[in-house]
Every structure is written in C-alpha cells, then in structure tokens.
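These notes are about the structure you will find just below.
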Amino acid sequence: MSKSDGGLAPERILELSARLSKVAGSSIGEIASINREAKMLAINAMITAARAGEAGKAFAVVAEEFKRISAEIDEVTHALQSEVHADLNELSDIGAAILSHLRGQRLADLALNAIEIIDRNLYERTCDVRWWATDSAVVECVANASDAAAQYASERLKVILDAYTVYLDLWICDDQGRVIATGRPDRYPGVRGASVASASWFSQAKRTASGNDFVACDVAKAPLLNDAPVATYAAAIRANGDANGRVLGVLGIHFDWRPQAHAVVDGVRLTEEERARSRVLLLDHAGRVLAASDRRGELEETFALPGDAAGMGSYAAAQATVGYALTPGYETYRGLGWYGCIVQAEPQPAASGAAKAA
C-alpha cells in the first residue's frame with residue numbers, strides 16, 4: 001500500500017503494528033540467542049580458568065563479570081519483551097477499534113443513502129397517486145360507472161403506464177371495492193371485476209380526510225398480479241376531483257418493487273472487494289427482508305437488528321460489521337419505519353510474503 005493511495009488509512013495502523021511486533025519479537029529473540037551463546041562462553045571460560053589454577057584467577061574474574069552482565073542482559077531483554085508486546089498489543093487494539101468505528105460509520109452512511117434513495121422514489125409515488133386520482137377520466141369512470149367511461153379510463157391508465165415504467169398496474173375501484181378499470185387488462189385479465197374491499201389500502205384510502213392524503217403499504221405479493229411483490233399506494237377518488245369532494249372510489253397504484261429495489265441495493269457504492277463480502281438489505285419495520293443484494297430471503301427472512309437500534313449506527317456481530325439507518329422520510333412521505341442495512345464480513349488477512357512466494 002503506497003502513501004498516496006491509503007498509507008494513512010486505519011488499516012495501516014494494524015499493518016504497522018503487526019510488522020513491528022514481528023520485528024521486535026525477532027530482534028529480541030536474536031538478542032536472547034546471542035546472550036545464551038555468551039553465557040556458554042563464560043561458563044567454558046570459568047571451567048578453563050579453574051583448570052589453570054592460580055594462573056587462571058584473573059581470567060576467572062573476567063568470566064564471572066561476563067556472566068553477571070549476561071544476567072543483566074537477560075533481565076533487560078525480558079523487560080523489553082514484556083513492555084514492547086504490551087504496547088504493541090494496545091496499539092493493535094486501538095487501531096482495531098478505530099478501524100471498526102470508521103468502517104461501521106461508513107456502512108451506516110451507505111445504508112442511510114440507500115434508504116434515502118428509496119424514500120425519494122416512494123415519495124414520488126405518493127405524488128403520483130394523489131395527482132392521478134384527480135384525472136378527469138379516472139373521476140368520470142367512478143362517477144359515471146358506464147362501460148364506455150371504464151374503457152376510456154383504462155386507455156388513459158395505459159398511457160400513464162407506458163410513461164411510468166415503475167408500475168405493474170393501476171386500478172380504479174368503485175366505492176364498494178370492485179375494480180372497474182385497469183391499465184393492463186391484457187396482462188392481468190383477472191383483475192377487472194375482482195373485489196379488493198378487504199385490502200387495507202382500499203379501506204384506509206376511503207377513510208382519508210382529503211385529497212391531500214394518501215395510503216402507503218408495506219411490500220407484499222399481489223395474487224392478482226401473478227404474486228409479484230408490490231408496494232401499493234392509494235388515494236380516494238373524489239367528486240369533481242375536488243380535494244374536499246365526496247369519496248366516489250379509490251385509485252390503487254402498484255409499484256413494481258423488485259427491479260427498483262434491486263437497483264438500489266446493487267447501486268450502493270462499495271468496492272468490488274467489499275461487494276464480495278457484503279450483503280446490502282432493505283428491511284421493513286419488523287426486520288423483514290424487503291430486498292437483498294444476494295437475492296436471498298426476500299419477503300421471507302427476518303433480520304433482527306438490536307433492540308436499541310434507532311436512527312443510524314453500527315455494531316460488530318459474528319466476524320462482521322453491521323451498519324444500519326432508519327428511514328428519515330422525504331418531504332410529505334414520512335416513511336414506514338424501514339431500514340437500510342449493510343452486513344460486511346471482516347476482510348481476510350493478507351497472505352505473507354513467504355506464502356505468496358510459495
């Protein structure tokens with residue numbers, strides 16, 4: 001790693017700490033080895049001096065002093081080894097903590113960015129449904145209740161769908177919950193005439209106070225749309241398209257969830273190396289996986305964030321770092337308590353030079 005391309009990165013602290021620990025251990029080991037050899041020489045010298053008798057007394061004094069010095073070197077070496085290892089271990093711990101914090105913060109920021117993109121996208125859907133509920137063809141369809149009005153409204157909905165490719169279908173429902181016009185009758189022939197009276201989006205939209213209100217639902221599979229996952233938005237259709245007019249019916253628009261959500265989780269700005277060990281998720285308020293970059297568990301798996309997870313943050317879990325962010329909402333769309341979440345496995349340690357050479 002060069003200084004220009006990341007030499008000051010937190011990972012560098014751990015690399016240098018490991019390198020220093022290795023160098024220090026090796027050097028201290030060499031000192032100890034040399035000192036052991038010196039001790040053996042001192043012992044041999046003392047034996048030789050003893051054999052020499054009176055002539056070897058002076059040499060024995062030197063050998064004894066050398067032995068004393070070797071003992072002191074042992075003490076210094078042991079103290080150095082203990083202090084250096086303690087300091088390097090602390091440095092490694094500090095570096096790991098800094099790295100974990102920065103990595104977690106970055107993942108939380110990326111998770112926030114992902115959920116914000118979804119929020120902005122879904123905010124536009126809330127604008128669409130309120131706008132189209134005032135379209136003269138839509139209002140006339142429920143006010144007139146004739147086949148001609150339904151046919152014209154269906155053609156109008158098809159024009160909208162051709163321009164707004166993020167929707168699977170648009171439904172006009174009468175005040176009893178019967179679908180009387182759709183934008184794609186050929187693709188979904190079983191929709192027209194079906195009852196959606198029991199659908200929460202229909203009943204909630206009927207109870208809205210004015211044309212400025214809308215209903216947003218969590219992602220669910222739509223049986224009438226071949227079980228495709230959709231995020232449904234609804235608004236009341238009111239007399240004359242007036243915001244305070246009498247409720248005549250409901251417009252339900254079905255956002256094509258899968259391709260839009262996949263574009264968001266796939267578009268998170270991760271390096272290729274990071275992407276290989278990361279899982280980007282969109283979660284609903286209960287932790288249900290709405291979308292996943294690995295496509296696993298969508299609408300089935302529950303990913304449990306800690307009970308104290310609020311706003312945005314990160315935590316370590318099972319050899320991974322998890323960053324998350326709660327939906328902040330956008331404009332008049334307050335969100336549904338969804339989270340952006342990124343689970344990133346710890347990077348594998350780099351292979352040593354010897355291993356690479358092998």
Which of the residues that make up the stretch 328-344 are at negative phi and crowded, with 16+ Cβ neighbours inside 10 Å?
Y330, Y333, L336, W338, Y339, G340, C341, I342, V343, Q344
One residue from L290, L283 being under 16 Å from V343 (Cα atoms), out of contact with any helix residue (DSSP H, G or I) (no Cβ under 7 Å at 6 or more places or on another chain) and either at pLDDT below 95 or not small (G, A, S) (or both):
L283
Does the stretch 130-164 hold any residues that are within 40 Å of the chain's Cα centre (by Cα) and among the polar types (S, T, N, Q), and which are they?
T134
Flagged in the stretch 150-182 as in a strand (DSSP E or B) and among the aliphatic types (A, V, I, L, M), in numbering order, are L168, L170, I172, V179, I180, A181
From R279, R269, R295, residue being of a type in the set (D, E, K, R), farther than 29 Å from D128 by Cβ and either outside the structural domain of D169 (by TED's automatic domain parsing) or surrounded by 18 or more Cβ atoms within 10 Å (Cβ to Cβ) (or both)
R279
Scan the stretch 161-174 and tell me whether some residue there is in the same structural domain as V215 (by TED's automatic domain parsing), modelled with pLDDT of 95 or more, touching a strand residue (DSSP E or B) at 6+ places or on another chain (Cβ under 7 Å) and over 30 Å from W338 (Cα atoms).
yes
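The values are calculated or read from the model by the stated rules, or taken from the named source; none is laboratory data. None of the values given here were measured: they were computed from a predicted structure. Positions of Cβ are backbone-derived with ideal geometry, glycine not excepted, and every protein chain shown enters the neighbour counts.
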